[in-house]
1. Take the conditions in contact with a strand residue (DSSP E or B) (Cβ under 7 Å, 6 or more places away or on another chain) and either of a type in the set (Val, Ile, Thr) or closer than 17 Å to Gly16 by Cβ (or both) and apply them to Val113. Does it pass?
2. Quick one: would you say Trp83 is buried (at least 21 other Cβ atoms within 10 Å of the Cβ) and either at pLDDT 80 or above or polar (S, T, N, Q) (or both)?
3. Report yes if some residue within segment 11-18 is at pLDDT below 80 and surrounded by fewer than 16 Cβ atoms within 10 Å (Cβ to Cβ); otherwise report no.
4. Which count do you get for residues in segment 121-134 that are of a type in the set (D, E, K, R) and crowded, with 21+ Cβ neighbours inside 10 Å?
5. What single numbered condition from (1) farther than 29 Å from Leu124 by Cβ; (2) open to solvent by 80 Å² or more (accessible area, probe 1.4 Å); (3) modelled with pLDDT of 80 or more; (4) not aromatic (Phe, Trp, Tyr) fails to hold for Glu53?
6. Kindly check whether there is at least one residue in segment 32-40 that is open to solvent by less than 60 Å² (accessible area, probe 1.4 Å) and modelled with pLDDT under 85.
7. Being in contact (Cβ under 8 Å) with a residue 40 or more places away in the chain and in a helix (DSSP H, G or I) is the filter; apply it to segment 152-177 and report the residue that is farthest from Cys142 (Cα to Cα).
8. Restricting to segment 97-120, name every residue that is in contact with a Lys or Arg (Cβ under 9 Å, 6 or more places away or on another chain), open to solvent by 10 Å² or more (accessible area, probe 1.4 Å) and of a type in the set (A, V, I, L, M, F, W, C).
Amino acid sequence: MSAGELLERSLAYALGSVAGARSVCPGSGTPCADWNLGELLGHLDDSLDALYEGLTGGSIGLLPHADRVCGFRARACAVLGAWAAGPPEDVLVGERPLDVRVMAAVGAVEITVHGWDVARACGLSRPVPEDLAAELLPVAQCVVGEEDRGVRFAAPVTVPPRAQAGTLLLSFLGRRP
């Protein structure tokens, strides 16, 4: 699966989760222990901003934007449109170059997992599609190291040996599926 397909499928999944957030209190808890639903949605918004910046300008600033005028759906469409228009080969994150395909794959992990978080916060049962999870798990395993634990991710959760890809992805990132 190409990075663009991963990005498209992760956005489609997250859009379904975010749609369920309309009727839920923004102060509701999430699987991310330190964030409520409103903060998680803000983080997802910032993630889409960063992806859009990288795809359209070839550079991602290190500080989030305060502008939240557009809704999540509009931002998701803008990201997909920017990918379809032909992103640059490399993106600068701060001053460090990053292959745009890596940026898209990491963005797909972020969007998918937080889409699952939003669904859980909304009381929705929306498992990550198995084929998408199977593609995202190796990406997550490459980019999340021990130094990220306790800072950006909780410790991995133990799962049964024959767990499916969705369970493995979520548990690797500290979620309890």
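The values are calculated or read from the model by the stated rules, or taken from the named source; none is laboratory data. Please read all numbers here as calculations on a predicted model, not as lab measurements. Reconstructed Cβ throughout: ideal geometry from the backbone, glycine too, with neighbour counts over all protein chains shown. Accessible surface is based on the protein model in full, side chains and every heavy atom, while ligands, DNA and RNA are left aside. Shrake-Rupley method; radii C 1.70, N 1.55, O 1.52, S 1.80 Å.
1. The answer is no for Val113.
2. So Trp83 passes the test.
3. No, segment 11-18 contains no residue that is at pLDDT below 80 and surrounded by fewer than 16 Cβ atoms within 10 Å (Cβ to Cβ).
4. Qualifying residue count, segment 121-134: 0.
5. Only one criterion in (1) farther than 29 Å from Leu124 by Cβ; (2) open to solvent by 80 Å² or more (accessible area, probe 1.4 Å); (3) modelled with pLDDT of 80 or more; (4) not aromatic (Phe, Trp, Tyr) is unmet by Glu53, namely (2).
6. Yes; the residues of segment 32-40 include at least one that is open to solvent by less than 60 Å² (accessible area, probe 1.4 Å) and modelled with pLDDT under 85.
7. Taking the candidates together, the pick is Leu170.
8. Passing the criteria: only Trp116.
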